[in-house]
Amino acid sequence: MGISSIISLTRAMTTSQGVDGFRQAAENEMMRLAGIVPAGDNAVERLNTAPPGRGVNVMMRKMPFSKKIKLVPTFLRTMNSVTKCAEYMQQRQPSEPVAGSTTFWDLVQNVARENGAVEVGFVRISEDEIFEGYAIPYQNAIVFTVGMDKEAVSSAPSYDMLVEVITTYASLGDIAIALTEYLREHGYGAYPGFPVGGVVDYVRVAEQAGIGAIGYHGMLISPQEGSRQRVNLVFTNMEIPEPAPNPHEWILDFCARCQKCVRSCPPGAIFTSAVPDPITGRKSTLHYDKCLDYYGANQGCGVCMDVCPFSQAGYDLIQVGFQKAEKRREKRKTAAQHKMQPTIDIGVSQPAPMPSKAPDVVFD
Ligand code: SF4
Ligand code: SF4
């Protein structure tokens, strides 16, 4: 870690603009690349976790000095990772696409997992997922998630959860660097995505890659870690296959019945139906502004991540229970429709509908 990173760290922990200032400086590296893909006409503004006097900046200001000091090693690891990502941005890569292969794609997934990634997918990023005013080096990307410690998430909102979030960012950066190196060694152009912030909407892109679906709480839900995860990616000129349809779309139907995060969010920042975000105009069930202020005042949050059944019961169990419940609902609906139909007297009476059993999974 160089002197500039130490200055950045000091600023991040003591001033109201430090965190955002550091992130912005790193992302500016990306804007200097040749052959970049600019944001599309329907691109939206990036939501800021650290606007002056709010969010992360309030959190850092309010944090007792003793806790800040304890945070330094974790912060240093993350900043080191982000700094390295910025260095990789300065190493110019070829812009021409290079053919990939199924075998090589399997190897890439293995490398990602060996370095700690959980879900791994690929995606062609739409220009509209690039944040307004930003650009990316390649449209193809390898997307991956890193899981978060269940115990730390269960303590949210808490200092432990905050430490876990920062630690996860470091892992996201380290994996992106390992993948970038691997791709470059094998003749592909690659740049790591920034683990903190980023110039594309990582969660939406991960959903488009088919590795999960976005829940009412605005986060990715996927099979292995449920909601307990964060996302990063690596931009590459490697050609990718056509993505298959997303198998996780049923999750939104489950959310409509569950709504546990809606009831549990302390400031009431999650809605039951999507409304346009006041900043981006894009429809979302998460009221970002409300979340941001609560997050800043409470050493972060993550209650919605913790209460989500996908983080507790597990994906497979929920899917099986939900499918059974859906079938029962369908049967009841059909039985009710039959009951309402006018009776044609053919001398045989209709059998009475069977009483419904208690559902295997309770959607409270
Ligand atoms: S992180 Fe906390 S405040 Fe934000 S949406 Fe989730 S529960 Fe609500
Ligand atoms: S808590 Fe329920 S409604 Fe909220 S994201 Fe998880 S499954 Fe969806």
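By the compact-protein rule of thumb, 2.2 N^0.38 Å, the alpha-carbon radius of gyration of the range 3-251 corresponds to a ratio of 0.98.
Does the range 160-252 come out rounded, prolate or oblate by the C-alpha gyration tensor, with a ≥ b ≥ c the root eigenvalues, rounded set by a/c under 1.5 and, if not, prolate when a/b is larger than b/c and oblate if not?
Since a/c reaches 1.5 but b/c is at least a/b, the shape of the range 160-252 is classed as oblate.
Distant-in-sequence amide contacts of LEU286, defined by a placed amide H-H separation under 5 Å and a gap of 5 or more residues or a different chain, comprise PHE271.
From least to most packed, judged by other beta carbons within 10 angstrom and beginning with the fewest, ASP306, ASP277, ASP106 follow the order ASP106, ASP277, ASP306. A 31 angstrom limit on the alpha carbon distance is what I want to check against. Which of LYS283/LYS331; LYS70/LYS150; LYS260/LYS327; LYS84/LYS260; LYS260/LYS331 exceed it? Pairs exceeding 31 Å: LYS283/LYS331; LYS84/LYS260. On the beta carbon distance between GLN91 and LYS333, with R0 = 56 Å, the FRET formula returns roughly 0.40. When each of VAL203, VAL108, VAL275 is scored by the number of other beta-carbon atoms lying within 10 Å, the sequence from fewest to most is VAL275, VAL203, VAL108. Which FRET efficiency value, to the nearest 0.05, do you get for ALA256 and ARG124 by plugging their Cβ-Cβ distance into 1/(1 + (r/R0)^6) with R0 = 30 Å? It comes out at approximately 0.55.
Residues of the range 198-227 with an amide N closer than 16 Å to a point placed 7 Å from the Cα of ALA274 along the Cα-to-Cβ direction: 201-210, 212-221.
Fully extending the segment from GLN323 to GLU249, taken as 0.36 nm per residue of separation minus the present Cα-Cα distance, adds 25.3 nm.
Values quoted throughout were computed directly from the atomic coordinates according to the rules given, and no laboratory measurement underlies them. Because the structure is a prediction, the values reported are computed rather than measured. Backbone-built Cβ (ideal geometry, glycine too); neighbour counts: all protein chains shown.
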